[in-house]
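The values are calculated or read from the model by the stated rules, or taken from the named source; none is laboratory data. Quick caveat: nothing in here was measured; it's all calculated off a predicted structure. When we count neighbours, we look across all protein chains shown, and the Cβ atoms used for this are built from the backbone with ideal geometry, even at glycine.
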């Protein structure tokens, strides 16, 4: 019963009444409090599964109440109610453990949606469910993705700094782009910088720029990427790869909002917003001294976690359809995976996450020309690429490598008979010949 009990704390009787009526309709048991102090007392006496707290209440405010409730009931979900113009407060609440927020004045459907998300209940009757499953390039409607959308919307409405965490291939850059697209900076450049791809000896020049003659190869002035972004958004991807001595300069730039080019005398105002991303274990990087603690806390104002594909398998069918549309040529017929084939793909491990799934769908579209891609074909291709049960640390095959391996295995199974191999792959014989010649397969 505790999970079904919902605490509503607001000093406005009308809001308490509205929330209680909606919660009863959804099958929950509401209890009401007119202050933070009363809310904590009720939570201690009854236990709760969810709390809906107004930020501004007499005495103990919503943030203080949130902290007290989290100590009493660590597993309880919390929704914060705040007014427009208090986004920074909502950000602070999310960092303190709130699972969602509502902006006054909110509609009944928005309240229902927030409650359902908190409990992981399907959102068939909410506005969010009626929206497209694609959001700024991100595809999915699993609870983890809906939570990510809410965080993106929240962060994009202010210039707060965010650190995006996620495994390789989850879409961290897409998240950063979405934040940029929804922000007031969306008419300015979005500048993604892969810090792992910049040599240590040139990273300072790339980020901050340099003046002519400041070092041996400085034959002309160079504008750094932090300045070139103007009033746009910079994404520092794989930020733990920035050398420690450059991290100190970056920290100063973020704090002072100034850029100092190599060899420059004066400082240049930095107008860009900076986001950072990493798939590394930052705690380990902090412990080993690879990453500065002060820079971490400067960037870690709002942490955004991008869920791995393993935690949102229900989105795999949507992603497959998305990639089939995305990679369909202008004159190609519509392609589809049969239901049994989709079920196989849903059950697979995808250590490379969405990027690996996209690569597989694209490769399958190249190798198999049939309008319907069968379960047997998918199982064969997965087996050939050693995707099922493959250790996570193993390298993900490139598209060309996967296609080459699929053709080689089909030829082997067909005893070298190319006509049989083409039939197994769902290819026209002439197409198989072209692919063999292109890939340099001698069989």
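What to note about this one:
- Hey, residue 191 within 19 Å of residue 296 (Cα to Cα), assigned by TED's automatic domain parsing to the domain that holds residue 252, surrounded by fewer than 21 Cβ atoms within 10 Å (Cβ to Cβ) and touching a helix residue (DSSP H, G or I) at 6+ places or on another chain (Cβ under 7 Å) or not: no
- Residues located in segment 264-280, provided they are in contact with a helix residue (DSSP H, G or I) (Cβ under 9 Å, 6 or more places away or on another chain) and outside any strand (DSSP E or B): 264, 267, 270, 271, 272, 279, 280
- Residue in segment 57-80 that is assigned by TED's automatic domain parsing to the domain that holds residue 21, modelled with pLDDT under 85 and assigned to a helix (DSSP H, G or I) present: no
- At least 2 residues being modelled with pLDDT of 90 or more, surrounded by fewer than 16 Cβ atoms within 10 Å (Cβ to Cβ) and not assigned by TED's automatic domain parsing to the domain that holds residue 410 is the threshold, and among the helices (runs of 4 or more DSSP H) wholly inside segment 283-374 those reaching it are 293-299.
- Filter result for the condition that a residue is more than 30 Å from residue 324 (Cα to Cα), modelled with pLDDT under 80 and surrounded by fewer than 16 Cβ atoms within 10 Å (Cβ to Cβ), over 120, 85: 85
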